[in-house]
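Visitor: First the structure, then my questions, so here it is.
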Amino acid sequence: MKSYRDEAIVLRTHKLGEADRIITLLTAEHGQVRAVAKGVRKTTSKFGARVEPFSVIDAQLHRGRTLDTLTQVASIAQYIAANYDLYLAATVVVETAERLTADAHDGTHSQYLLLLGALNALARGRHDPTLIRTSYTLRALALAGWAPSCFDCAVCGTQGPHTSFSIPDGGTVCDTCRPPGASSPAPDTVALLGQLLSGDWERADRCEPYARTEASGLISSYTQWHLERRLRSLSVIDRSHP
């Protein structure tokens, strides 16, 4: 079928020509889609405001050779970040989703639901934005097959907890398997990673600020190592929170 309809989250937009935009979407059933929204930058456009990043839409699309065309849009939810910290967290979340689903052919429905939940949690202020961002990233990596070990040794499987974390080896490592250059996060930080991965928010919400910051840094580095590229949104966070 040339035309199809799907629920989608707007990940990113960029200008095309004088009046159009290319919209990158993560759809519920068709994976990641790049589509042209014609005339969307004109003041007379009927759905310009509906295709901003973080928006959830009901989209009608027409298949094309390289880019699909967005023909109709109905707004489902507008997750506009209420403050700068929320905006930064949401930006990291959608960029991570974009990278993880760019070439994925399976499992994107689960990624879609996870992203939807993260944006909803940010919009409702259910938890600290940094914790939501880190939790989302951990779970998204797990869905992609890259879940870090947060308790047992990632190399030999020796039961933890352990005091070292090796990004190339996949998470916590025992003293025997610890490679040169492995980090030594605080025990509370490693425990927090496990809580965020398992969804234990009752304990995660009580974490110390240093554990939250250290966990965020570890998983940011871990994510970029697996993606083999720097996330631009994390660079903004690094500059904003030196």
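Visitor: Under the rule of at least 5 residues apart or a separate chain, name every residue whose amide H is placed under 5 Å from the amide H of residue 55.
Guide: Amide H to amide H, under 5 Å and 5 or more residues apart or across chains, residue 55 pairs with 10, 79.
Visitor: Still on this structure: Name the long-range amide H neighbours of residue 173: under 5 Å, sequence gap of 5 or more, or other chain; modelled H, no Pro or chain starts.
Guide: Result for residue 173 returns 154, 164, 165, 166.
Visitor: Of the heavy-atom accessible surface of the stretch 115-188 (probe 1.4 angstrom), what whole percent is carbon and sulfur?
Guide: Carbon and sulfur: 50 percent of the exposed surface of the stretch 115-188.
Visitor: Taking 7 Å along the Cα-to-C-beta vector as the label spot, tell me the residue 188-residue 158 distance in nanometres, rounded to one decimal.
Guide: 2.7 nm
Visitor: Next question, about the same structure. Mind checking which of 186, 87, 25 is farthest towards the positive end of the chain's charge dipole, using Cβ charges of +1 (Lys, Arg) and -1 (Asp, Glu) about the Cα centre?
Guide: Farthest towards the positive end: 25.
Visitor: Continuing with the same structure: Rank by packing, highest mean first: peptides 102-112, 126-136, with packing defined as the count of other Cβ atoms within 10 Å averaged across residues.
Guide: 126-136, 102-112
Visitor: Also: Which distance in nm do the two modelled labels at residue 14 and residue 229 give, with both placed 7 Å along the Cα-to-Cβ direction?
Guide: With each label point 7 Å from Cα toward Cβ, the separation is 1.0 nm.
Visitor: Looking at 55, 217, 3, which one has the Cα that reaches farthest to the positive end of the dipole of the chain (charges on Cβ: Lys, Arg +1; Asp, Glu -1)?
Guide: So the residue furthest toward the plus end is 3.
Visitor: Determine, at each q value in 0.09, 0.10, 0.12, 0.18 (inverse angstroms), the log₁₀ of I(q)/I(0) that the Debye formula gives when each Cα of the chain is one equal point scatterer.
Guide: Ignoring solvent entirely, the Cα scatterers give -0.42, -0.51, -0.70, -1.31.
The values are calculated or read from the model by the stated rules, or taken from the named source; none is laboratory data. Remember, predicted model here, so these are calculated numbers, not experimental data. A quick note on method: Cβ atoms are made from the backbone with ideal geometry, for glycine too, and the neighbour counts reach across all protein chains shown. Surface areas here come from the heavy atoms of the whole protein model, side chains and all, with no ligands, DNA or RNA. Shrake-Rupley method; radii C 1.70, N 1.55, O 1.52, S 1.80 Å.
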